[in-house]
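J.: Shown below is the structure under consideration.
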Amino acid sequence: MTYLNYVILYCFLQISGERSIYSVFHILKGKKSSQSIQDAHIFHLQPFFLSLPKLKRSYFNQKVTELEQAGWITFGESDNAHLSVEGSKAVKEHFLGDAFPSEMNGLIYGDQTRLFWMRLSLLVQVLSNAKQQETLYYPVQRNKLIQEWVKDCIRTNPNSDQLSSMLFKELTTLLNSQENDPSLLVFRLTGYRDYGWTEFQVAEKIGMDPEEYRFRFLNLLHGMLTEIEKDPKGYPLLYSISLKSDHRQNLTISTSKTYDLYKRGHSLEEIARIRKLKLNTIEDHVIELILTEEDLAIDPFITSEEYVNVLKVMKEVQTKRLKPIKEKLPHLTYFQIRVAIAKAGETREFATRT
């Protein structure tokens, strides 16, 4: 079994048969849909959102088949998977604990991580070559926006030696503060006449499975971004590298438009009419907002008393599925139940690894 097998097995453990196996596939790929974002929150799978954007469905199916052949999962109706006793034992023994990427949170840092890495890697290359007065080389990042950002950074800080020293100091301090091996990142940096290695080359160098390296690398970057956000004054240059202009990075574009109208005082019905969308689509947006916007109150949608009642039923029947809860609380709408489930998922700790 590879590291990805254990990631998928852990995700199935969290979902506990309440979604199809492909909900996990969409979470790993980082599908920007309200449903995938909601599932990542509700089932506490934030770490793995957008961790494998290039994952092929056929390869995912292969990994799932391997889990079934090992006797670690069984299939129920609607393509949902249940862990066997052996499967539960395997994920606890080989994945939970030190093997778990505890710094990862793809819902927060998914897109930001890629931006941070592209800017950082190109800036290191440019400054390294500038120190040797080398102007002819292939940039490690061909993205024009990334190149423009690096040019702006250098224009803002024209003293390249001073900028290099600042970056070296901040990066060294930050990497030393991380529990993860700094070489996971350092081996991939490109300098003067010294090209960084690929994911596979680094994995081979340090004797790690390439699939595991992918998650270790993300875990390190997410840990770095977390530390930078905690202490932006301590890492002013790295903080500027990490900044993403879109302050709604954790919301789908359509949900952001709905949120703007909601904050202006429009009802959900009015928003649906203004945007020419179905009401249940707007309700999907509300669920996403509850999961991503901490200050969004649920009082307009469900009373505090009914919210508590939903929590009691969830605990009683041990499920987050709508139908069994609706059967116990028939006077509530499915939307109200979804609101309660979303709020409960938003307020709980996402990593249950004991």
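J.: crowded, with 20+ Cβ neighbours inside 10 Å, farther than 30 Å from H94 by Cβ and at pLDDT 90 or above: is that true of A340 in this structure?
T.: Answer is yes for this residue.
J.: Just to be sure before I move on: is E211 of a type outside the set (S, T, Y), modelled with pLDDT under 95 and under 30 Å from K63 (Cβ atoms) in the structure I sent?
T.: Yes, satisfied.
J.: I would also like to ask the following. If D299 meets every condition in (1) of a type in the set (D, E, K, R); (2) open to solvent by 90 Å² or more (accessible area, probe 1.4 Å); (3) outside any helix (DSSP H, G or I); (4) at pLDDT below 90 apart from one, which number is that one?
T.: Condition (4) is where D299 drops out.
J.: Out of all the residues in segment 232-241, is one or more within 27 Å of L45 (Cβ to Cβ) and either surrounded by 17 or more Cβ atoms within 10 Å (Cβ to Cβ) or not hydrophobic (A, V, I, L, M, F, W, C) (or both)?
T.: no
J.: Taking the criterion of being part of a helix (DSSP H, G or I), among the aromatic types (F, W, Y), modelled with pLDDT of 95 or more and touching a strand residue (DSSP E or B) at 6+ places or on another chain (Cβ under 6 Å), would at least one residue in segment 6-16 satisfy it?
T.: yes
J.: If you don't mind, there's one more thing I want to ask. From the list L185, L171, L189, L175, which residue is of a type outside the set (S, T, Y) and over 20 Å from F215 (Cα atoms)?
T.: Only one candidate passes the filter, namely L171.
J.: If you check every pair at least six apart or on different chains, which have Cβ atoms under 9 Å apart with a residue in segment 131-146 that is touching a residue at least 60 places away in the same chain (Cβ under 8 Å) first and a residue that is surrounded by fewer than 13 Cβ atoms within 10 Å (Cβ to Cβ) and assigned to a loop (DSSP other than H, G, I, E, B) second?
T.: Q132/R193
J.: Also, quick follow-up: Of the conditions (1) among the aromatic types (F, W, Y); (2) within 19 Å of G106 (Cα to Cα); (3) buried (at least 20 other Cβ atoms within 10 Å of the Cβ), Y259 clears all except one; give me its number.
T.: (2)
J.: Report whether or not D161 is touching a Lys or Arg at 6+ places or on another chain (Cβ under 8 Å), under 26 Å from R216 (Cα atoms) and among the acidic types (D, E).
T.: no
J.: Do you know which residues across segment 53-83 are out of contact with any strand residue (DSSP E or B) (no Cβ under 8 Å at 6 or more places or on another chain), assigned to a helix (DSSP H, G or I) and either charged (D, E, K, R) or open to solvent by less than 20 Å² (accessible area, probe 1.4 Å) (or both)?
T.: If the condition is that a residue be out of contact with any strand residue (DSSP E or B) (no Cβ under 8 Å at 6 or more places or on another chain), assigned to a helix (DSSP H, G or I) and either charged (D, E, K, R) or open to solvent by less than 20 Å² (accessible area, probe 1.4 Å) (or both), then R57, F60, K63, E66, E77, D79 are the ones that fit.
J.: List the number of the failed condition for P330; all other conditions in (1) buried (at least 20 other Cβ atoms within 10 Å of the Cβ); (2) not hydrophobic (A, V, I, L, M, F, W, C); (3) not in a helix (DSSP H, G or I) hold.
T.: (1)
Residue-wise test of (1) more than 23 Å from S254 (Cα to Cα); (2) in contact (Cβ under 8 Å) with a residue 12 or more places away in the chain.
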{"residue": "K278", "(1), (2)": "no, no"}
{"residue": "V286", "(1), (2)": "no, yes"}
{"residue": "T292", "(1), (2)": "no, yes"}
{"residue": "D295", "(1), (2)": "no, no"}
{"residue": "T303", "(1), (2)": "yes, no"}
{"residue": "Y307", "(1), (2)": "yes, yes"}
{"residue": "V313", "(1), (2)": "yes, yes"}
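The values are calculated or read from the model by the stated rules, or taken from the named source; none is laboratory data. Fair warning: this is a prediction, and the values are worked out from it, not measured in the lab. Neighbour counts are summed over all protein chains in view; Cβ atoms, including those assigned to glycine, are modelled from backbone coordinates with ideal geometry. All accessible areas refer to the heavy atoms of the entire protein, side chains included, with ligands and DNA or RNA removed. Shrake-Rupley method; radii C 1.70, N 1.55, O 1.52, S 1.80 Å.
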